[in-house]
1. Any residue at all in region 100-108 that is crowded, with 20+ Cβ neighbours inside 10 Å and more than 26 Å from residue 169 (Cβ to Cβ)?
2. Restricting attention to region 55-71, which residues are surrounded by fewer than 20 Cβ atoms within 10 Å (Cβ to Cβ) and touching a helix residue (DSSP H, G or I) at 6+ places or on another chain (Cβ under 7 Å)?
3. Check residue 137 against each of (1) at pLDDT 95 or above; (2) touching a helix residue (DSSP H, G or I) at 6+ places or on another chain (Cβ under 7 Å) and name the one condition it does not meet.
4. Looking at region 44-95, which of its residues are assigned to a strand (DSSP E or B) and either more than 27 Å from residue 183 (Cβ to Cβ) or touching a strand residue (DSSP E or B) at 6+ places or on another chain (Cβ under 7 Å) (or both)?
5. Report yes if residue 24 is without any contact (Cβ under 8 Å) to a residue 40 or more places away in the chain, under 27 Å from residue 221 (Cβ atoms) and either touching a helix residue (DSSP H, G or I) at 6+ places or on another chain (Cβ under 7 Å) or not in a helix (DSSP H, G or I) (or both), otherwise no.
6. Kindly check whether there is at least one residue in region 51-58 that is closer than 26 Å to residue 168 by Cβ and in the same structural domain as residue 11 (by TED's automatic domain parsing).
7. Specify the residue that is modelled with the lowest pLDDT; the eligible residues are those in region 218-236 that are surrounded by fewer than 19 Cβ atoms within 10 Å (Cβ to Cβ) and in contact with a helix residue (DSSP H, G or I) (Cβ under 7 Å, 6 or more places away or on another chain).
């Protein structure tokens, strides 16, 4: 069974359209969606998460049709580009927020995320204001919050784009390690070949709202017939 199946997904944002995208992500796979700015990759992921309306197509999560479900019922962990942390909450309350909103008591919620917090090495940050976190720390906290409800799919929208190069590489390695540890299928948006090489099992290339090709990074670099795929990978 695949973790995610997208079939003929179509949606519009103003004059731009994502057109008839079909894609499958395997159980436990780390899938990277690459494309230049404005190619539609983030828009596609927002549709998967239920954050934007689609015009046509189907989305299935572990063979469960979630096309019409509200975002809160999809059991998808989503990390936006800026982490999306709540500035009025400390680190711990940010992490347990999905659990407390679902009705869990704070003490029980804290116990539930102890393993995630320990795995990410952020125990010392729990009482800190998010305003005083570094970029890498913010992403770890955002990742911990996304994992708090043990999602069926983890969606990362350019999670390291705002980090300096050494921190970016370290964070990518951490993302890959955590993904393997928690065995959660992951879709990660980026436009960097180097970033994709650090984390991906397979890569999909988007251009102008269309999914052009899918494969391992090496296979795409050497065997894709699409000129746009080659331009993107060579540009990186």
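The values are calculated or read from the model by the stated rules, or taken from the named source; none is laboratory data. Just so it is clear, the structure is predicted and the values come from calculations on it, not from any experiment. So basically every Cβ, Gly included, is an ideal-geometry build from the backbone, and we count neighbours across all protein chains shown.
1. Looking only at region 100-108, we keep the residues that are crowded, with 20+ Cβ neighbours inside 10 Å, and these are none.
Among the residues of region 100-108, not one is crowded, with 20+ Cβ neighbours inside 10 Å and more than 26 Å from residue 169 (Cβ to Cβ), which makes the answer no.
2. Filtering region 55-71 for residues surrounded by fewer than 20 Cβ atoms within 10 Å (Cβ to Cβ) gives 55-58, 60, 62-65, 67-71.
71, the sole residue that qualifies.
3. (1)
4. Residues satisfying the conditions are 56, 57, 58, 59, 60, 61, 65, 76, 77, 78, 79, 90.
5. yes
6. Checked against the condition, which is being closer than 26 Å to residue 168 by Cβ and in the same structural domain as residue 11 (by TED's automatic domain parsing), region 51-58 yields at least one hit.
7. Only one residue fits best here, namely 236.
Per-residue answers, yes or no, for (1) assigned by TED's automatic domain parsing to the domain that holds residue 102; (2) in a loop (DSSP other than H, G, I, E, B); (3) in contact with a strand residue (DSSP E or B) (Cβ under 6 Å, 6 or more places away or on another chain); (4) touching a residue at least 24 places away in the same chain (Cβ under 8 Å):
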residue	(1), (2), (3), (4)
115	yes, no, no, no
137	yes, no, no, no
141	yes, no, no, yes
145	yes, no, no, yes
160	no, yes, no, yes
169	no, no, no, yes
176	no, no, no, yes
187	no, no, yes, yes
196	no, no, yes, yes
